[in-house]
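Below is one structure, written out as structure tokens, with a few remarks after it.
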Amino acid sequence: MAAAALPLSPISHQLCRRSNRFWYKALAPRFCSPVSSPCYIGVKGIGSSSQLRPRHPLISSAASTDYLLHDVGATVAVLGGAYALVLIFESLTKRDVIPQRLSRKLVHILSGLLFVLSWPIFSASTEARYFAAFVPLVNGLRLVVNGLSISPNSTLIKSVTREGRPEELLKGPLFYVLALLVAAVFFWRDSPTGMISLAMMCGGDGIADIMGRKYGSYKIPYNPRKSLAGSISMFIFGFCISIGLLYYYSSLGYLHMNWETTFTRVVIVSLVATLVESLPITDQIDDNVSVPLATILAAYISFGY
Ligand SMILES: C/C(=C\COP(=O)(O)O)CCC[C@H](C)CCC[C@H](C)CCCC(C)C
Ligand SMILES: Nc1ccn([C@@H]2O[C@H](COP(=O)(O)OP(=O)(O)O)[C@@H](O)[C@H]2O)c(=O)n1
């Protein structure tokens, strides 16, 4: 059912823009596509003016077909990239080019960041985010199938687990791909929140392990299992990658950042993520849950979308 256009006052326009943008964009994009026009009150609720309109009757089925073929192609390409990435690092580990532990962390860092960087290859369709999210979904299913030893794949297990036990796939790695899926579906490429959460989980948390193990002699007083070097590395690397992603998506026209305030906001969000990661809660909640969740909360409060 198409939404009904009801012009709203400027204040309602702003309220509508900020208060419903999140849920409406994530859950109702199949009914709407971006235009500048009055707010809408429709079956699914209120959507902000710069987001929503019923699918235009003049958008031809040919255009929809083009979008569909474009997104299917992009999905196949990114799925192939994911499979190749794991294979490459498994091969490097097999040939003793790099140690297994470093290989796993590099997969941790590169998988999510390359996934975020791949989002612009998907179409301008409002459904494109779901095609992108299909990639972590397939990899999540792959982790479950292998984690339950239904059909164990030694390449995946060697490249992604600490000790080579299949059931390890059902913890950190599975939470990791679920975080990628959430970022794509609920935030996508026109919100800083999802990309910053992945910058901190993939880049920040990943480098913390590498630098912490190598230079982490000075331990954190409240958590002897983590070190100051690891946390400082997470903050710096996560901040830099976050700014890099925001600049990347701004330069492509998906984001319009106020850079005078953005740096400060990303510093605050990076500090929150680093503090949460340093807490002695790993036995209760995996870093691949606590870090993205804390980052999403901090970034959504800070940026508002
Ligand atoms: C090793 C991984 C997580 C473990 O985290 P932690 O326990 O060390 O904190 C990463 C697992 C990656 C997964 C097997 C593959 C994910 C691929 C991704 C969905 C798409 C990447 C596409 C890109 C173009 C390569
Ligand atoms: N802030 C941090 C994070 C990790 N690390 C080091 O990296 C190792 C693995 O960290 P972790 O338990 O968070 O590993 P993942 O859950 O990220 O795979 C720790 O045992 C520390 O040696 C650190 O020194 N400082």
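The values are calculated or read from the model by the stated rules, or taken from the named source; none is laboratory data. Note that this is a predicted model, so its numbers are computed, not measured. When we count neighbours, we look across all protein chains shown, and the Cβ atoms used for this are built from the backbone with ideal geometry, even at glycine. We work out accessible area using only protein heavy atoms, side chains counted, and drop any ligands, DNA or RNA first. Shrake-Rupley method; radii C 1.70, N 1.55, O 1.52, S 1.80 Å.
Working ranking of peptides 104-111, 298-305 by packing, defined as the average number of other Cβ atoms within 10 Å per residue, highest first, is 104-111, 298-305.
Inter-label distance, residue 247 to residue 117: 1.4 nm, where each label sits 7 Å from its Cα along the C-beta direction. With the alpha-carbon atoms of segment 124-232 aligned to their principal axes, the span from lowest to highest coordinate is 49, 38, 20 Å, starting with the largest.
Here's how it looks for residue 220: its modeled amide H is under 5 Å from those of 226, 227, 228, which are all 5 or more places away or on a different chain.
Out of the total accessible area of segment 216-301 (probe 1.4 Å, heavy atoms of protein only), what percent is carbon and sulfur? With neighbouring chains kept in place, the figure for segment 216-301 is 70 percent.
Calculate I(q)/I(0) for segment 146-186 by the Debye formula, one identical point scatterer on each C-alpha and no solvent, and give its log10 at q = 0.14, 0.21 Å⁻¹ to two decimals. With no solvent term, the Cα-only Debye profile gives -0.33, -0.63. The apolar share of the surface of segment 125-172, taken as the fraction of accessible area on carbon and sulfur atoms (1.4 Å probe, ligands and nucleic acids excluded), comes to 66 percent.
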